[in-house]
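Following: one structure in C-alpha coordinates, then a few remarks.
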Amino acid sequence: MSSPAERVREIIVEQLGVNAEQVTDESKFVEDLGADSLDTVELVMALEEEFGTEIPDEEAEKLTTVGEAIAYVQKIVGG
Amino acid sequence: MGFAGKTALITGGARGIGRAIAEELAAAGATLAIVDVLQDVAEATAAAFRERGVEAAAFVANVASPADVERLFGEVMARFGKIDILINNAGITRDNLIMRMKEEEWDAVIAVNLKGTFNCIKAASRPMLKARSGCIVNIASVVGVMGNAGQANYSASKAGVIGLTKTAAKELASRGITVNAVAPGYIATDMTGKLSEEARKAFLTVVPLARPGTPQDVARAVRFLCSEDAAYITGQVLHVDGGMLM
Ligand SMILES: NC(=O)c1ccc[n+]([C@@H]2O[C@H](COP(=O)([O-])OP(=O)(O)OC[C@H]3O[C@@H](n4cnc5c(N)ncnc54)[C@H](O)[C@@H]3O)[C@@H](O)[C@H]2O)c1
(Lines give C-alpha, C1' and ligand atoms only; values in the text may rest on other atoms or scores of the structure.)
Protein backbone atom coordinates (compact mmCIF):
# COMPACT_ATOMS: atom_id res chain seq x y z
CA MET A 1 0.00 0.00 0.00
CA SER A 2 1.21 3.52 -0.73
CA SER A 3 2.49 5.69 2.11
CA PRO A 4 0.36 8.45 3.64
CA ALA A 5 2.55 11.03 1.86
CA GLU A 6 1.90 9.39 -1.51
CA ARG A 7 -1.81 9.17 -0.82
CA VAL A 8 -1.90 12.89 0.06
CA ARG A 9 -0.09 13.74 -3.19
CA GLU A 10 -2.50 11.58 -5.19
CA ILE A 11 -5.49 13.34 -3.64
CA ILE A 12 -3.99 16.75 -4.43
CA VAL A 13 -3.37 15.75 -8.05
CA GLU A 14 -6.92 14.50 -8.38
CA GLN A 15 -8.69 17.32 -6.54
CA LEU A 16 -6.78 20.19 -8.11
CA GLY A 17 -6.39 18.60 -11.53
CA VAL A 18 -2.64 19.28 -11.65
CA ASN A 19 0.30 17.17 -12.86
CA ALA A 20 2.13 15.01 -10.33
CA GLU A 21 5.42 16.80 -11.20
CA GLN A 22 3.98 20.12 -10.05
CA VAL A 23 3.28 18.72 -6.60
CA THR A 24 6.41 19.27 -4.51
CA ASP A 25 6.50 19.73 -0.74
CA GLU A 26 6.95 23.47 -1.21
CA SER A 27 4.05 23.97 -3.63
CA LYS A 28 1.45 26.35 -2.28
CA PHE A 29 -2.13 25.27 -3.00
CA VAL A 30 -3.39 28.69 -3.97
CA GLU A 31 -0.36 30.44 -5.48
CA ASP A 32 1.36 27.47 -7.17
CA LEU A 33 -1.42 24.97 -7.83
CA GLY A 34 -4.20 27.41 -8.67
CA ALA A 35 -6.65 26.32 -5.97
CA ASP A 36 -9.65 28.57 -5.26
CA SER A 37 -11.44 28.70 -1.91
CA LEU A 38 -13.79 25.84 -2.77
CA ASP A 39 -10.86 23.71 -3.95
CA THR A 40 -9.16 24.05 -0.59
CA VAL A 41 -12.36 23.10 1.25
CA GLU A 42 -12.84 20.11 -1.05
CA LEU A 43 -9.23 19.10 -0.55
CA VAL A 44 -9.64 19.11 3.21
CA MET A 45 -12.86 17.10 2.87
CA ALA A 46 -11.10 14.58 0.63
CA LEU A 47 -8.26 14.21 3.15
CA GLU A 48 -10.79 13.73 5.95
CA GLU A 49 -12.50 11.01 3.96
CA GLU A 50 -9.30 9.25 2.95
CA PHE A 51 -7.83 9.20 6.45
CA GLY A 52 -11.07 8.84 8.42
CA THR A 53 -10.46 11.92 10.50
CA GLU A 54 -11.98 15.32 11.07
CA ILE A 55 -9.66 18.27 10.47
CA PRO A 56 -10.75 21.24 12.62
CA ASP A 57 -11.13 24.56 10.75
CA GLU A 58 -8.29 26.20 12.66
CA GLU A 59 -5.96 23.35 11.64
CA ALA A 60 -7.22 23.31 8.05
CA GLU A 61 -6.46 27.03 7.69
CA LYS A 62 -2.80 26.34 8.41
CA LEU A 63 -2.44 23.80 5.60
CA THR A 64 -1.27 26.02 2.78
CA THR A 65 1.42 23.86 1.18
CA VAL A 66 1.69 20.23 0.11
CA GLY A 67 4.38 19.61 2.74
CA GLU A 68 2.18 20.99 5.51
CA ALA A 69 -0.69 18.73 4.49
CA ILE A 70 1.59 15.69 4.41
CA ALA A 71 3.09 16.53 7.81
CA TYR A 72 -0.37 17.00 9.30
CA VAL A 73 -1.62 13.66 7.99
CA GLN A 74 1.56 11.86 9.09
CA LYS A 75 1.08 13.26 12.57
CA ILE A 76 -2.45 11.83 12.67
CA VAL A 77 -1.93 8.42 11.10
CA GLY A 78 1.66 7.99 12.26
CA GLY A 79 4.18 7.39 9.51
CA MET B 1 -37.17 12.52 -21.02
CA GLY B 2 -35.23 15.44 -19.60
CA PHE B 3 -34.49 13.95 -16.20
CA ALA B 4 -33.87 10.33 -17.16
CA GLY B 5 -31.10 8.89 -14.97
CA LYS B 6 -31.33 11.81 -12.52
CA THR B 7 -32.21 11.48 -8.86
CA ALA B 8 -34.30 14.18 -7.22
CA LEU B 9 -34.59 14.55 -3.45
CA ILE B 10 -37.75 16.42 -2.47
CA THR B 11 -38.29 17.44 1.14
CA GLY B 12 -41.89 17.62 2.26
CA GLY B 13 -42.61 15.52 -0.82
CA ALA B 14 -45.38 13.44 0.72
CA ARG B 15 -48.19 15.83 -0.17
CA GLY B 16 -49.13 19.26 -1.45
CA ILE B 17 -46.69 21.25 -3.54
CA GLY B 18 -43.84 18.79 -2.82
CA ARG B 19 -45.84 15.91 -4.22
CA ALA B 20 -46.78 17.95 -7.31
CA ILE B 21 -43.08 18.71 -7.85
CA ALA B 22 -42.36 14.98 -7.58
CA GLU B 23 -45.03 14.37 -10.25
CA GLU B 24 -43.53 16.91 -12.65
CA LEU B 25 -39.98 15.64 -12.24
CA ALA B 26 -41.04 11.98 -12.49
CA ALA B 27 -43.03 12.73 -15.64
CA ALA B 28 -39.73 13.86 -17.18
CA GLY B 29 -37.98 10.68 -16.04
CA ALA B 30 -36.48 11.48 -12.63
CA THR B 31 -35.96 8.96 -9.85
CA LEU B 32 -37.53 10.19 -6.61
CA ALA B 33 -36.40 10.35 -3.00
CA ILE B 34 -39.53 11.49 -1.16
CA VAL B 35 -38.56 12.93 2.23
CA ASP B 36 -41.07 13.79 4.93
CA VAL B 37 -41.83 13.62 8.63
CA LEU B 38 -45.15 11.96 7.80
CA GLN B 39 -44.00 8.38 7.31
CA ASP B 40 -47.32 6.87 6.23
CA VAL B 41 -48.13 9.60 3.75
CA ALA B 42 -44.59 9.58 2.33
CA GLU B 43 -44.69 5.81 1.90
CA ALA B 44 -48.11 5.90 0.25
CA THR B 45 -46.88 8.62 -2.13
CA ALA B 46 -43.73 6.68 -3.03
CA ALA B 47 -45.78 3.49 -3.50
CA ALA B 48 -48.19 5.30 -5.83
CA PHE B 49 -45.22 6.38 -7.97
CA ARG B 50 -43.73 2.90 -8.02
CA GLU B 51 -47.06 1.45 -9.17
CA ARG B 52 -46.75 3.64 -12.24
CA GLY B 53 -43.24 2.40 -12.91
CA VAL B 54 -41.41 5.40 -11.44
CA GLU B 55 -38.35 4.54 -9.35
CA ALA B 56 -39.22 6.11 -6.00
CA ALA B 57 -38.54 5.58 -2.30
CA ALA B 58 -39.77 7.27 0.89
CA PHE B 59 -37.35 8.48 3.56
CA VAL B 60 -38.39 9.76 6.97
CA ALA B 61 -36.39 12.70 8.24
CA ASN B 62 -36.90 15.98 10.05
CA VAL B 63 -35.02 18.55 7.98
CA ALA B 64 -34.59 20.77 11.04
CA SER B 65 -32.26 18.18 12.55
CA PRO B 66 -28.70 18.15 11.17
CA ALA B 67 -28.25 14.56 12.43
CA ASP B 68 -31.41 13.44 10.63
CA VAL B 69 -30.34 15.19 7.45
CA GLU B 70 -26.89 13.64 7.53
CA ARG B 71 -28.38 10.17 7.98
CA LEU B 72 -30.93 10.93 5.24
CA PHE B 73 -28.33 11.89 2.64
CA GLY B 74 -26.31 8.79 3.54
CA GLU B 75 -29.38 6.62 2.97
CA VAL B 76 -30.32 8.27 -0.31
CA MET B 77 -26.75 8.02 -1.62
CA ALA B 78 -26.62 4.35 -0.58
CA ARG B 79 -29.91 3.69 -2.33
CA PHE B 80 -29.54 5.73 -5.55
CA GLY B 81 -25.80 6.51 -5.70
CA LYS B 82 -26.28 10.19 -6.52
CA ILE B 83 -28.35 13.30 -5.90
CA ASP B 84 -28.68 15.54 -8.94
CA ILE B 85 -31.62 17.65 -7.84
CA LEU B 86 -32.51 18.94 -4.39
CA ILE B 87 -35.88 20.58 -3.78
CA ASN B 88 -36.16 22.26 -0.37
CA ASN B 89 -39.92 22.32 -0.06
CA ALA B 90 -40.62 21.19 3.53
CA GLY B 91 -42.24 24.05 5.36
CA ILE B 92 -44.61 24.88 8.20
CA THR B 93 -46.62 27.84 9.46
CA ARG B 94 -47.39 28.88 13.06
CA ASP B 95 -49.27 32.12 12.51
CA ASN B 96 -49.76 34.74 15.18
CA LEU B 97 -49.47 38.49 15.54
CA ILE B 98 -46.05 39.53 16.83
CA MET B 99 -47.55 40.67 20.14
CA ARG B 100 -48.96 37.18 20.68
CA MET B 101 -46.26 35.08 19.05
CA LYS B 102 -44.64 32.58 21.37
CA GLU B 103 -40.96 31.80 21.27
CA GLU B 104 -41.77 28.20 20.30
CA GLU B 105 -43.79 29.41 17.31
CA TRP B 106 -40.94 31.59 16.12
CA ASP B 107 -38.30 28.92 16.66
CA ALA B 108 -40.25 26.06 15.08
CA VAL B 109 -40.85 27.89 11.82
CA ILE B 110 -37.28 29.18 11.52
CA ALA B 111 -35.97 25.69 12.35
CA VAL B 112 -37.88 23.90 9.61
CA ASN B 113 -38.11 26.49 6.87
CA LEU B 114 -34.73 28.22 7.14
CA LYS B 115 -32.37 25.95 9.04
CA GLY B 116 -33.87 22.89 7.34
CA THR B 117 -33.09 24.39 3.95
CA PHE B 118 -29.55 25.19 5.07
CA ASN B 119 -29.05 21.68 6.47
CA CYS B 120 -30.07 20.07 3.18
CA ILE B 121 -28.02 22.44 0.99
CA LYS B 122 -24.99 21.72 3.14
CA ALA B 123 -25.48 17.96 2.91
CA ALA B 124 -26.18 18.05 -0.84
CA SER B 125 -23.23 20.27 -1.68
CA ARG B 126 -20.71 17.49 -1.04
CA PRO B 127 -22.00 15.00 -3.67
CA MET B 128 -22.88 17.85 -6.05
CA LEU B 129 -19.40 19.40 -5.78
CA LYS B 130 -17.89 16.00 -6.52
CA ALA B 131 -20.20 15.55 -9.50
CA ARG B 132 -19.44 19.07 -10.73
CA SER B 133 -23.14 19.56 -11.38
CA GLY B 134 -26.41 19.85 -9.58
CA CYS B 135 -29.57 21.85 -9.23
CA ILE B 136 -31.09 23.17 -6.04
CA VAL B 137 -34.49 24.85 -5.86
CA ASN B 138 -35.74 26.31 -2.60
CA ILE B 139 -39.41 27.00 -2.08
CA ALA B 140 -39.69 30.51 -0.65
CA SER B 141 -42.90 32.55 -0.59
CA VAL B 142 -44.24 35.86 -1.79
CA VAL B 143 -44.58 36.90 1.87
CA GLY B 144 -40.79 36.60 2.24
CA VAL B 145 -40.66 39.66 -0.01
CA MET B 146 -43.91 41.47 0.85
CA GLY B 147 -44.40 40.57 4.53
CA ASN B 148 -47.77 39.47 5.87
CA ALA B 149 -49.54 40.38 9.09
CA GLY B 150 -49.61 37.33 11.35
CA GLN B 151 -46.61 35.68 9.72
CA ALA B 152 -43.53 37.33 11.27
CA ASN B 153 -41.84 33.97 11.73
CA TYR B 154 -42.84 32.57 8.36
CA SER B 155 -42.06 35.69 6.33
CA ALA B 156 -38.68 36.04 8.08
CA SER B 157 -37.89 32.39 7.35
CA LYS B 158 -38.77 32.79 3.68
CA ALA B 159 -36.83 36.05 3.33
CA GLY B 160 -33.96 34.12 4.90
CA VAL B 161 -34.36 31.39 2.31
CA ILE B 162 -34.00 34.00 -0.44
CA GLY B 163 -30.73 35.32 1.02
CA LEU B 164 -29.50 31.78 1.51
CA THR B 165 -30.39 30.95 -2.10
CA LYS B 166 -28.26 33.81 -3.42
CA THR B 167 -25.28 32.98 -1.23
CA ALA B 168 -25.41 29.28 -2.10
CA ALA B 169 -25.68 30.22 -5.77
CA LYS B 170 -22.50 32.30 -5.50
CA GLU B 171 -20.58 29.67 -3.52
CA LEU B 172 -21.46 26.76 -5.78
CA ALA B 173 -21.63 28.37 -9.22
CA SER B 174 -18.03 27.65 -10.18
CA ARG B 175 -18.81 23.93 -9.94
CA GLY B 176 -21.78 23.96 -12.27
CA ILE B 177 -24.38 23.91 -9.52
CA THR B 178 -27.36 26.26 -9.83
CA VAL B 179 -29.41 27.43 -6.87
CA ASN B 180 -32.70 29.24 -7.34
CA ALA B 181 -35.87 29.92 -5.39
CA VAL B 182 -39.50 29.72 -6.39
CA ALA B 183 -41.79 32.06 -4.49
CA PRO B 184 -45.40 30.86 -4.62
CA GLY B 185 -48.27 33.22 -3.83
CA TYR B 186 -51.56 31.78 -2.66
CA ILE B 187 -51.66 28.09 -3.58
CA ALA B 188 -54.56 25.78 -2.69
CA THR B 189 -53.06 23.08 -0.43
CA ASP B 190 -53.51 21.64 3.09
CA MET B 191 -51.39 24.55 4.36
CA THR B 192 -53.78 27.21 3.05
CA GLY B 193 -56.82 24.98 3.69
CA LYS B 194 -56.43 26.08 7.31
CA LEU B 195 -57.24 29.68 6.36
CA SER B 196 -60.66 31.14 7.08
CA GLU B 197 -63.06 31.84 4.20
CA GLU B 198 -62.57 35.62 4.70
CA ALA B 199 -58.79 35.29 4.61
CA ARG B 200 -59.02 33.32 1.38
CA LYS B 201 -61.32 35.92 -0.19
CA ALA B 202 -59.02 38.71 0.94
CA PHE B 203 -56.08 36.94 -0.68
CA LEU B 204 -57.84 36.64 -4.00
CA THR B 205 -58.58 40.36 -4.18
CA VAL B 206 -54.83 40.96 -4.51
CA VAL B 207 -54.27 38.29 -7.17
CA PRO B 208 -54.57 39.83 -10.65
CA LEU B 209 -55.12 36.41 -12.23
CA ALA B 210 -58.05 36.08 -9.79
CA ARG B 211 -57.66 32.44 -8.81
CA PRO B 212 -55.62 30.51 -6.29
CA GLY B 213 -52.59 28.81 -7.77
CA THR B 214 -52.40 25.05 -7.99
CA PRO B 215 -49.51 22.92 -6.74
CA GLN B 216 -48.88 22.11 -10.38
CA ASP B 217 -48.42 25.80 -11.22
CA VAL B 218 -45.52 25.84 -8.75
CA ALA B 219 -44.20 22.44 -9.79
CA ARG B 220 -43.88 23.44 -13.44
CA ALA B 221 -41.73 26.43 -12.50
CA VAL B 222 -39.53 24.13 -10.43
CA ARG B 223 -39.22 21.69 -13.30
CA PHE B 224 -38.15 24.53 -15.59
CA LEU B 225 -35.43 25.66 -13.17
CA CYS B 226 -34.09 22.09 -12.99
CA SER B 227 -34.09 21.66 -16.77
CA GLU B 228 -31.38 22.32 -19.34
CA ASP B 229 -33.47 25.30 -20.49
CA ALA B 230 -32.54 27.05 -17.24
CA ALA B 231 -28.86 26.09 -17.29
CA TYR B 232 -27.74 29.76 -17.29
CA ILE B 233 -30.09 30.86 -14.51
CA THR B 234 -28.85 30.94 -10.91
CA GLY B 235 -29.46 32.96 -7.75
CA GLN B 236 -32.91 34.00 -8.94
CA VAL B 237 -36.33 34.12 -7.32
CA LEU B 238 -39.08 33.05 -9.68
CA HIS B 239 -42.44 34.34 -8.50
CA VAL B 240 -45.40 32.06 -9.17
CA ASP B 241 -48.20 34.09 -7.68
CA GLY B 242 -50.73 35.08 -10.31
CA GLY B 243 -49.24 38.55 -10.36
CA MET B 244 -49.55 39.35 -6.63
CA LEU B 245 -46.07 40.85 -6.60
CA MET B 246 -45.01 43.01 -9.51
N1 LIG C 1 -49.63 26.71 -0.01
C2 LIG C 1 -49.24 27.95 -0.24
O3 LIG C 1 -50.04 28.82 -0.53
C4 LIG C 1 -47.79 28.30 -0.21
C5 LIG C 1 -47.43 29.59 -0.55
C6 LIG C 1 -46.09 29.95 -0.53
C7 LIG C 1 -45.15 29.02 -0.18
N8 LIG C 1 -45.53 27.76 0.18
C9 LIG C 1 -44.46 26.84 0.56
O10 LIG C 1 -44.53 25.65 -0.22
C11 LIG C 1 -44.00 24.56 0.53
C12 LIG C 1 -44.98 23.41 0.53
O13 LIG C 1 -46.18 23.84 1.12
P14 LIG C 1 -47.58 23.07 1.01
O15 LIG C 1 -48.60 24.11 0.84
O16 LIG C 1 -47.48 21.97 0.05
O17 LIG C 1 -47.68 22.54 2.52
P18 LIG C 1 -48.09 21.11 3.12
O19 LIG C 1 -48.24 21.32 4.57
O20 LIG C 1 -49.23 20.54 2.36
O21 LIG C 1 -46.80 20.23 2.81
C22 LIG C 1 -45.60 20.42 3.46
C23 LIG C 1 -44.94 19.06 3.65
O24 LIG C 1 -43.73 19.25 4.38
C25 LIG C 1 -43.65 18.27 5.37
N26 LIG C 1 -42.81 18.74 6.48
C27 LIG C 1 -43.15 19.66 7.44
N28 LIG C 1 -42.15 19.80 8.30
C29 LIG C 1 -41.16 18.97 7.91
C30 LIG C 1 -39.87 18.67 8.44
N31 LIG C 1 -39.40 19.27 9.55
N32 LIG C 1 -39.09 17.77 7.80
C33 LIG C 1 -39.56 17.14 6.69
N34 LIG C 1 -40.77 17.39 6.14
C35 LIG C 1 -41.57 18.29 6.76
C36 LIG C 1 -45.08 18.07 5.80
O37 LIG C 1 -45.25 16.83 6.49
C38 LIG C 1 -45.81 18.12 4.48
O39 LIG C 1 -45.87 16.85 3.86
C40 LIG C 1 -43.69 25.12 1.92
O41 LIG C 1 -42.31 25.45 1.99
C42 LIG C 1 -44.52 26.36 1.98
O43 LIG C 1 -44.00 27.30 2.88
C44 LIG C 1 -46.83 27.37 0.16
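List of remarks:
- Residue in segment B:125-148 that is surrounded by the most Cβ atoms within 10 Å (Cβ to Cβ), counting only those that are part of a helix (DSSP H, G or I) and away from every other protein chain (no Cβ under 14 Å): B:V143
- Residue, farthest from B:E171 (Cα to Cα), within segment A:15-32, restricted to residues that are in contact with a helix residue (DSSP H, G or I) (Cβ under 8 Å, 6 or more places away or on another chain) and without any contact (Cβ under 8 Å) to a residue 24 or more places away in the chain: A:A20
- Restricting attention to segment B:155-171 and to residues that are out of contact with any Gly (no Cβ under 6 Å at 6 or more places or on another chain) and within 14 Å of chain A (Cβ to nearest Cβ), the residue that is farthest from B:V145 (Cα to Cα) turns out to be B:E171.
- Selection status of B:S125, more than 16 Å from the ligand (Cβ to nearest atom) and either without any contact (Cβ under 8 Å) to a residue 12 or more places away in the chain or of a type in the set (S, T, N, Q) (or both): yes
- Helices (runs of 4 or more DSSP H) within segment B:24-112 that include 3 or more residues under 23 Å from B:C226 (Cα atoms) and either within 14 Å of chain A (Cβ to nearest Cβ) or within 13 Å of the ligand (Cβ to nearest atom) (or both): B:39-51, B:66-80
- Odd one out for B:P208, checked against (1) closer than 19 Å to B:N88 by Cβ; (2) of a type outside the set (S, T, N, Q); (3) at pLDDT 95 or above: (1)
- Count of segment B:29-53 residues, restricted to those that are small (G, A, S) and within 18 Å of B:I92 (Cβ to Cβ), is 1.
- Of all residues assigned to segment A:30-53, at least one qualifies as being more than 22 Å from B:K130 (Cα to Cα), away from chain B (no Cβ under 14 Å) and surrounded by 11 or more Cβ atoms within 10 Å (Cβ to Cβ).
- So B:T234, is it in a strand (DSSP E or B), modelled with pLDDT of 95 or more and touching a helix residue (DSSP H, G or I) at 6+ places or on another chain (Cβ under 8 Å): no
- Whichever residue in segment B:167-205 is part of a strand (DSSP E or B) and of a type in the set (V, I, T) and, among such residues, is modelled with the lowest pLDDT: B:I187
- Scanning segment B:194-227 for residues that are touching a residue at least 40 places away in the same chain (Cβ under 8 Å) and among the polar types (S, T, N, Q) returns B:T214, B:Q216, B:S227.
- The set of residues from segment B:146-158 being of a type in the set (G, A, S) and over 18 Å from B:Y186 (Cβ atoms) comprises B:A152, B:A156.
- Candidates A:E21, A:E68, filtered to the one that is over 10 Å from the mean Cα position of the chain (by Cα), among the acidic types (D, E) and surrounded by fewer than 17 Cβ atoms within 10 Å (Cβ to Cβ): A:E21
- Segment B:172-193 residues that are away from chain A (no Cβ under 14 Å), paired with ones that are modelled with pLDDT under 90 (beta carbon under 7 Å, 6 or more apart): B:Y186/B:T192; B:Y186/B:F203
- For segment B:114-123, a tally of residues being within 14 Å of chain A (Cβ to nearest Cβ) and farther than 16 Å from B:K170 by Cβ returns 1.
- B:T11 vs. criteria more than 10 Å from the ligand (Cβ to nearest atom), at pLDDT 95 or above and under 23 Å from B:N180 (Cβ atoms): no
The values are calculated or read from the model by the stated rules, or taken from the named source; none is laboratory data. Just so we're clear, the structure is a prediction, and the values are computed from it rather than from any experiment. Methodologically, a virtual Cβ is constructed for each residue, glycine included, from the backbone with ideal geometry; neighbour enumeration extends over all protein chains shown.
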